[in-house]
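Working notes, structure below.
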Amino acid sequence: WHAKLSGIDDHLRELHFDRSPGTWLGFAFVLGSRVCSGLATTGVLALVGVPLHPTVVLGVLSVGVLIGWMSAIVPFGIGVADGSNYALFSVLGVSGAGGVAMTLFGRVRSLVVGVVGLGVMTIAHTINRVSIAQRNRRIRERLAAPGAAG
């Protein structure tokens, strides 16, 4: 395990001293992702009617990450995310119902993304199966043609 650990250390050292050309682009994409995620969360807070005070936004963006990690242990975070967000929002001085609404909104968003992904996968699989069927039909037609080797 020492060899694996030294390899990880070498890669981390490279980030500080000898950056490859894509490192800055990678950092920019991570930063962009964080900004978009924060803006989306703030938008959902406004959508469910939570007052957008700096303490509320910062509390949700920071402690909300911890709640997400904790609730990931339980399938779909049932109960853990609901109760934790209710408590967090209550501690932040806003309605705990806003925390539950945020949790439910997140679940609906996950389901929508899952259904869209399933639809895309179904379409891709269907296109693949049709392509294979067409190819197999052409092969059978060539083999059945008069004068075909076989």
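Cβ-Cβ under 7 Å, sequence separation 6+ or interchain: first residue in the range 1-23 and of a type in the set (A, V, I, L, M), partner part of a helix (DSSP H, G or I). Which pairs?
15/23
Among the listed residues 99, 77, which satisfies the condition of being surrounded by 14 or more Cβ atoms within 10 Å (Cβ to Cβ) and on the phi > 0 side of the Ramachandran plot?
77
Would a scan of the range 61-73 turn up a residue that is touching a residue at least 12 places away in the same chain (Cβ under 8 Å), β-branched (Val, Ile, Thr), touching a Gly at 6+ places or on another chain (Cβ under 8 Å) and part of a helix (DSSP H, G or I)?
Within the range 61-73, not a single residue is touching a residue at least 12 places away in the same chain (Cβ under 8 Å), β-branched (Val, Ile, Thr), touching a Gly at 6+ places or on another chain (Cβ under 8 Å) and part of a helix (DSSP H, G or I).
Within the range 44-51, is there a residue that is at positive phi, assigned to a helix (DSSP H, G or I) and surrounded by 13 or more Cβ atoms within 10 Å (Cβ to Cβ)?
No - not one qualifying residue is present in the range 44-51.
Quick check on my filter: what residues within the range 1-43 are modelled with pLDDT under 90, assigned to a helix (DSSP H, G or I) and among the aromatic types (Phe, Trp, Tyr)?
Going through the range 1-43, the residues modelled with pLDDT under 90 turn out to be 1-27.
Still in the running and assigned to a helix (DSSP H, G or I): 2-17, 22-27.
Within the range 1-43, 17, 24, 27 qualify.
Restricting attention to the range 119-135, does a residue exist that is within 26 Å of residue 43 (Cβ to Cβ) and either surrounded by 10 or more Cβ atoms within 10 Å (Cβ to Cβ) or among the hydrophobic types (A, V, I, L, M, F, W, C) (or both)? Let's see the steps before the verdict.
As a first pass, look at the range 119-135 and keep what is within 26 Å of residue 43 (Cβ to Cβ): 119-120.
Among the residues that remain, those that are also either surrounded by 10 or more Cβ atoms within 10 Å (Cβ to Cβ) or among the hydrophobic types (A, V, I, L, M, F, W, C) (or both) are: 119-120.
Within the range 119-135, one or more residues are within 26 Å of residue 43 (Cβ to Cβ) and either surrounded by 10 or more Cβ atoms within 10 Å (Cβ to Cβ) or among the hydrophobic types (A, V, I, L, M, F, W, C) (or both).
Count, please, the residues in the range 11-33 that happen to be of a type in the set (Asp, Glu) and loosely packed, with under 10 Cβ neighbours inside 10 Å.
The qualifying residues number 1.
Within the range 90-105, restricting attention to residues that are assigned to a helix (DSSP H, G or I) and touching a residue at least 40 places away in the same chain (Cβ under 8 Å), which residue is nearest to the chain's Cα centre (by Cα)?
Only one residue fits best here, namely 105.
Just to be sure I understand, how many residues within the range 74-89 are in a helix (DSSP H, G or I) and out of contact with any Lys or Arg (no Cβ under 9 Å at 6 or more places or on another chain)?
10
The values are calculated or read from the model by the stated rules, or taken from the named source; none is laboratory data. The shown structure was predicted, so the numbers you read here are calculated from the model rather than taken from an experiment. Neighbour counts run over all protein chains shown; Cβ positions are idealised from the backbone, glycine included.
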